[in-house]
Amino acid sequence: MRDARALADLRTRVAREMTREFGVGHWSPCPCKAEVVRQLRASKVLIASHDSEIIGTVRLARALPGLIDSESFTKVDTALYVLGLAVSPEARRQGVGRDLMDAVKESARSWPADALWLDAYDHVAGAGAFYQACGFRAVGPSSKGEIPLIFYEWLPRQPS
């Protein structure tokens, strides 16, 4: 909880940079500290830091198939949803995102979870190519909602 303000600040910088680069979109809202505190309580938060500054974050939450569009994913007993990957604009292209995704995979192995699920915008601002480079495979587009998304999954028992 002591990092809630720093996490909100990081995610705000990322949202502003994405808006500058891609225009206003679903990635534009900036989180408040209270929203980050709620997320800290509801999920496992991984943090990347350098010289005591938070430069990246990602969250893991238990996937609840009844609450999400889960038809595209492999049916498993326990899936975790990967949420909110954010790397500071200054730390991009330095391996921070990949390190966070490797840590997410390790968390899935130790949880234990049968799958990691995530979504990416079906837009130039989306990170689908990055997730595929991290070993996730595209399993289909979202068939619900107004935001165009592509779903990805990673299964720990398959080579990545």
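The values are calculated or read from the model by the stated rules, or taken from the named source; none is laboratory data. Computed from a prediction, not measured in an experiment: that's the story for all the values here. Reconstructed Cβ throughout: ideal geometry from the backbone, glycine too, with neighbour counts over all protein chains shown.
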Mind listing whichever residues of the stretch 12-33 are without any contact (Cβ under 8 Å) to a residue 12 or more places away in the chain and more than 16 Å from PRO148 (Cβ to Cβ)?
-> THR19, ARG20
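Only one of VAL45, VAL58, VAL36 is touching a Ser or Thr at 6+ places or on another chain (Cβ under 8 Å), touching a residue at least 24 places away in the same chain (Cβ under 8 Å), buried (at least 16 other Cβ atoms within 10 Å of the Cβ) and β-branched (Val, Ile, Thr); which? If you could, list the steps in order and put the result at the bottom.
Working: VAL58 fails: touching a Ser or Thr at 6+ places or on another chain (Cβ under 8 Å); VAL36 fails: touching a Ser or Thr at 6+ places or on another chain (Cβ under 8 Å).
That would be VAL45, the only listed residue that is touching a Ser or Thr at 6+ places or on another chain (Cβ under 8 Å), touching a residue at least 24 places away in the same chain (Cβ under 8 Å), buried (at least 16 other Cβ atoms within 10 Å of the Cβ) and β-branched (Val, Ile, Thr).
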Residue, modelled with the lowest pLDDT, within the stretch 142-160, restricted to residues that are charged (D, E, K, R) and in a loop (DSSP other than H, G, I, E, B) | LYS144
Breaking point among (1) loosely packed, with under 13 Cβ neighbours inside 10 Å; (2) without any contact (Cβ under 8 Å) to a residue 60 or more places away in the chain; (3) out of contact with any helix residue (DSSP H, G or I) (no Cβ under 9 Å at 6 or more places or on another chain), for ILE147 | (2)
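Listed here are the residues, each with its yes/no results for (1) over 17 Å from PHE130 (Cα atoms); (2) at pLDDT below 95; (3) not aliphatic (A, V, I, L, M).
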position	(1), (2), (3)
LEU7	yes, no, no
LEU10	yes, no, no
PRO31	yes, yes, yes
PRO65	yes, yes, yes
ILE68	yes, yes, no
PHE73	yes, yes, yes
GLY97	no, no, yes
ALA103	no, no, no
ASP119	no, yes, yes
Scanning the stretch 61-86 for residues that are touching an Asp or Glu at 6+ places or on another chain (Cβ under 9 Å) and of a type in the set (Gly, Ala, Ser), which turns out farthest from GLY140 (Cα to Cα)?
-> ALA79
Neighbours by Cβ (under 9 Å, 6+ apart or cross-chain): first from the stretch 63-86, free of Cβ contacts under 8 Å to residues at least 12 places away in the same chain; second in a loop (DSSP other than H, G, I, E, B) and of a type in the set (Ser, Thr, Tyr) = LEU64/SER70
Evaluate the following for ALA127: is it out of contact with any Pro (no Cβ under 7 Å at 6 or more places or on another chain), of a type outside the set (Phe, Trp, Tyr) and closer than 22 Å to GLY95 by Cβ?
-> yes
Does VAL139 satisfy the criteria of being aliphatic (A, V, I, L, M), in contact (Cβ under 8 Å) with a residue 60 or more places away in the chain and surrounded by fewer than 18 Cβ atoms within 10 Å (Cβ to Cβ)?
-> yes
